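Below is one structure, written out as structure tokens; the observations come after it.
Nothing in this text is a laboratory measurement; each read-out follows from the coordinates by a stated rule. For clarity, every value in this text was computed on a predicted model and none was experimentally measured. So basically every Cβ, Gly included, is an ideal-geometry build from the backbone, and we count neighbours across all protein chains shown.
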Amino acid sequence: MPSQQTPIHSGFGRSSTALEVLGDADLRGRTAIVTGGHSGIGLETTRALVQAGATVVVPARTPERAREALAGIPHTEIGQLDLLDPRSIDAFAAAFLASGRPLHLLINNAGIMAVPLTRDARGYEHHFSANHLGHFQLAARLWPALKQAGGARVVALSSGAHRRAAMDFDDPHYERRAYEKWQAYGQSKTANALFALALDRRGEPHGIRAFSLHPGRIETNLQRHITLAELQAQGFRDENGEIPAEQRAFYKTAQQGAATTVWCTTSAALVGMGGVYCEDVDIARAVPADHQPLDGVLPWARDAEAAERLWALSRQLTGSDLRQEG
């Protein structure tokens, strides 16, 4: 059963860094896959896991960029992966399975934000396709390696932006309703949280636990599709293009942004737990739909029935299912 959506008072907080959270964790002999592990908070996650002794596989759409970013970081491997291309996902997973290694940690970190309406080759809306469906298919294909680990964790990076949209099961790809990029991003982040809830239910009997999380507000290239004018209109930039003084306290560094990921991935405090949404290095509070502060997890991102509906839809759209993967 999923754990209770209640803070456990971890002893850490929003200003904690990935290395502080890591502590003396020993990951020697463990293998991790971190999508997007070569930039932003993904890079800081990779650094932390390597420091603890793990071997980290970093799949990237552009391996050359990943190679440059990871230069000098030992115990890292680079693979080719495009989350919008199911054939690329299958090829990456097949190569990893062929290595015969167990997969102890799968961190679904890569994503896109606030892009104009774009569709993949199947006609699927890009946020939903890249942020959720690609990672769903990846986890399904890697299921045998996760089971082989004899105890694994899967971590899905969601966002506080899940409050912008619940799942629209009737029109997830904006084929009939008007497209709004922030709503589309929010729907994909709700999907990330529901994915972790559904995967945890399936994984628990095999020692596989899943978590979702909000990393916090961090300046990374994830925002590359957002114009300065948009940021100013939303109050995130002043007339000089700088973060307003009253907003600065809400931002985290990349090292702080990676902390909740590392905690979900390594913390002994979470042994025997799973299926929960975390933030600021703790399990987040369950809050009502009309909750105004930008914290906590809203009902539609922790709804077990919605999680099962999403699983069924994802299985249909990708042709992937854990039962098919062993």
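Rank these for me by crowding, Glu239, Glu180, going from fewest to most other beta carbons within 10 Å.
In order of increasing Cβ crowding within 10 Å: Glu239, Glu180.
Full extension from Glu175 to Arg87: what is 0.36 nm times the residue separation minus their Cα-Cα distance, to one decimal in nm?
Between Glu175 and Arg87, full extension yields an extra 29.3 nm.
Express the relative contact order of the chain as a whole percentage, based on alpha carbon pairs under 8 Å and six or more residues apart in sequence.
That works out to 24 percent.
Could you give the alpha-carbon Rg of the chain over 2.2 N^0.38 Å, rounded to two decimals?
Compared with the compact-globule rule of thumb, the chain sits at 0.92.
Filter the DSSP H helices in the chain by two things, a Kyte-Doolittle mean of at least -0.5 and an axial alpha-carbon span of 15 angstrom or more, and list the hits by number.
Result, helices passing both filters: 40-51, 86-98, 304-318.
Distance between Cα centroids, region 152-204 to region 24-66: provide it in whole Å.
Spelled out, the Cα-based centre of one part sits 24 Å from the other.
Order by neighbour count: Asp90, Asp290, Asp303, fewest other Cβ atoms within 10 Å first, most last.
Asp290, Asp90, Asp303
Any idea which of Phe92, Ala210, Ala249 is furthest toward the positive side of the dipole for the chain, if Lys and Arg beta-carbons carry +1 and Asp and Glu beta-carbons -1?
Phe92
So what is the 222 nm mean residue ellipticity for the chain from helices alone, if each DSSP H run of at least 4 adds -39500 (n - 2.57) and you divide by all residues, rounding to the nearest 500 deg cm²/dmol?
Numbers: 11 runs with 107 residues, N = 326.
Mean residue ellipticity at 222 nm (helix-derived): -9500 deg cm²/dmol.
In terms of Cα to Cα distance under 30 Å, which lysines are near enough to Lys181, apart from those fewer than 8 places away along the same chain?
Lys189, Lys252
What is the dipole size for the chain, taken about its Cα centre, with +1 at each Lys and Arg Cβ and -1 at each Asp and Glu Cβ, in debye to the nearest 20?
660 debye
Give the residue from Gln4, Leu322, Ala178 lying farthest towards the positive end of the charge dipole for the chain; charges sit on Cβ (+1 for Lys and Arg, -1 for Asp and Glu) and the dipole is referred to the Cα centre.
Leu322
Test of understanding: ordering Ile218, Ile243, Ile41 by Cβ neighbours within 10 Å, fewest first, what list do you get?
Fewest-to-most Cβ neighbours within 10 Å comes out as Ile243, Ile218, Ile41.
Show me 161-168, 309-316, 275-282, 22-29 ranked by packing, highest mean number of other Cβ atoms within 10 Å first. Present the calculation step by step, with values, prior to reporting the outcome.
On the way: 161-168: 20.4, 309-316: 17.4, 275-282: 25.2, 22-29: 13.9.
Highest mean packing first, the order is 275-282, 161-168, 309-316, 22-29.
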